[in-house]
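Right, one structure below, let's go through it.
The values are calculated or read from the model by the stated rules, or taken from the named source; none is laboratory data. What you see is a predicted model; the values in this text were computed from it and never measured. Cβ sites come from the backbone with ideal geometry, for glycine too, and all protein chains shown count toward neighbours. With ligands, DNA and RNA removed, areas are computed over all heavy atoms of the protein, side chains included. Shrake-Rupley method; radii C 1.70, N 1.55, O 1.52, S 1.80 Å.
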Amino acid sequence: MVIPFFKQEFTQEMEEAALGSLRNELYVGGESIKKFEEEFAEFIGTKYAISVSSGNSALQLSLLALNISEKSKVVTSTNSFIASANAIRMVNAHPILADINPHDGNINIKNTKEDVNAIIPVHIYGNPCDFESIKEFSEIQKIPIIEDACQAHGAIYKGKKVGSISDVGCFSFYPTKNMTVGGDGGMITTNNEEIANGVKALRDNGRKSKTEFDRLGFTMRLNTVSAAIGRIQLKHLNEKNARRQEIASLYRKKLNQDCILPENKDGKSVYHQIVVHHEKRDKIREELTNNEIGSAIHYVKPIHLESIYLKYQYHLPNSEKFSKEIMSLPSYPSLTDDEVYIISECINKIIN
Ligand SMILES: Cc1ncc(COP(=O)(O)O)c(C=O)c1O
């Protein structure tokens, strides 16, 4: 590809941090873990941040810390990476899948009439979801909210970072995300001490103290070397998010305004993905491929149409139509203005 969809970044600063950590720290539970957690908590604006092995682990551990069990129902968006729903099933709870707003792909909770025990709203593509409706739903049902902020490091809703506006926030550091740890990793953010202590024990085999274990648990910790790399990535996150926002504005200028999904009016997106929707989507992608420009679809199928979810027999028409019309454009910070123009021209050729 002349312009790939995604570019993995490796800098000298990351290399030095990784080598420094491997030379000087404990591989598990080293000083970089504590520092990364403190810095991440400060960045998000929560009392606690607990590092874990992935975004999926963050979701599972948060559900378990909130006592979600095989008797529970948990609602999430069908337009998400499958982990949002898999985490619910992995703790043996029942997944309820909600349809989306066709304008931004975010969860529309207003049509969910069932009683549930928790809600996992997803800030999809880095764009905060409509949190007022989520809060109202959780208040009426008296249930906790676990934000799936796996795509939204640094996104803001009504002046606050997502991941700090509910009971728990879950983040992923998978390499394509706005920040990584040089591999898989995740973080849980919360202001609630009990939840923080719960997930700390659960990530570490149910450990109560150095020698005591008083509950079942996993090995779902983050490695020290990953935390060392994560600290470097976090340091540069604001500038990288700003570049993603600049790239989104450039696309908006060059493409038909209505093509690109809008930001939440009360929020500020960090554009994990820049998503275009158009009925000629497949033709546009063909033209891009012919010009050696990468693109992707998030997601080819809404979760309820994945084979392991068909048994729940959901029909969620907005997300089904949406998945046929959307495509994600290159959005990484090192993409140049000229590359955005080239991509836009290629798309305009098909649209006009
Ligand atoms: C919305 C969403 N939720 C959950 C996850 C799971 O994160 P991970 O891949 O780190 O397990 C991801 C990322 O891949 C995601 O995009």
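Are any residues in the stretch 132-148 within 16 Å of the ligand (Cβ to nearest atom) and touching a residue at least 40 places away in the same chain (Cβ under 8 Å), and if so, which ones? Matches in the stretch 132-148: Ile146, Asp148.
Quick check on the stretch 315-331. Is at least one of its residues over 30 Å from Glu292 (Cα atoms) and part of a loop (DSSP other than H, G, I, E, B)? Spell out how you get there, then give the answer.
Step one: filter the stretch 315-331 for residues over 30 Å from Glu292 (Cα atoms), giving 315-318.
The next check asks that each one be part of a loop (DSSP other than H, G, I, E, B); those that pass are 315-316.
The answer is yes; a qualifying residue exists.
Matching residues to (1) near the ligand (Cβ under 10 Å from one of its atoms); (2) among the β-branched types (Val, Ile, Thr):
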site: Ala155; (1), (2): no, no
site: Lys158; (1), (2): no, no
site: Ile165; (1), (2): no, yes
site: Gly169; (1), (2): no, no
site: Tyr174; (1), (2): yes, no
site: Met179; (1), (2): no, no
site: Gly182; (1), (2): no, no
site: Gly185; (1), (2): yes, no
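Here Arg221 meets the list (1) of a type outside the set (Val, Ile, Thr); (2) under 19 Å from the mean Cα position of the chain (by Cα); (3) open to solvent by 30 Å² or more (accessible area, probe 1.4 Å); (4) more than 16 Å from the ligand (Cβ to nearest atom) almost entirely, failing just condition (4). Taken over the stretch 167-178, the residue count meeting the criterion of being under 19 Å from Ser269 (Cα atoms) and surrounded by 23 or more Cβ atoms within 10 Å (Cβ to Cβ) is 6. Within the stretch 247-258, restricting attention to residues that are crowded, with 20+ Cβ neighbours inside 10 Å and not β-branched (Val, Ile, Thr), the residue that is farthest from the chain's Cα centre (by Cα) is Leu255. Among the criteria (1) outside any loop (DSSP other than H, G, I, E, B); (2) open to solvent by 30 Å² or more (accessible area, probe 1.4 Å); (3) more than 16 Å from the ligand (Cβ to nearest atom); (4) not acidic (Asp, Glu), the one Asn56 does not fulfil is (3). Can you confirm whether Leu64 is part of a helix (DSSP H, G or I) and surrounded by fewer than 24 Cβ atoms within 10 Å (Cβ to Cβ)? Yes: the conditions hold for Leu64. On the stretch given as the stretch 98-116, residues that are under 19 Å from Ile260 (Cα atoms) and without any contact (Cβ under 8 Å) to a residue 60 or more places away in the chain total 1.
Consider Thr112 carefully, then state whether it is closer than 17 Å to Ser319 by Cα, more than 11 Å from the ligand (Cβ to nearest atom) and buried (at least 24 other Cβ atoms within 10 Å of the Cβ). Before the answer, list the steps.
Values: closer than 17 Å to Ser319 by Cα: yes; more than 11 Å from the ligand (Cβ to nearest atom): yes; buried (at least 24 other Cβ atoms within 10 Å of the Cβ): no.
Taking the combined requirement at face value, the residue does not satisfy it.
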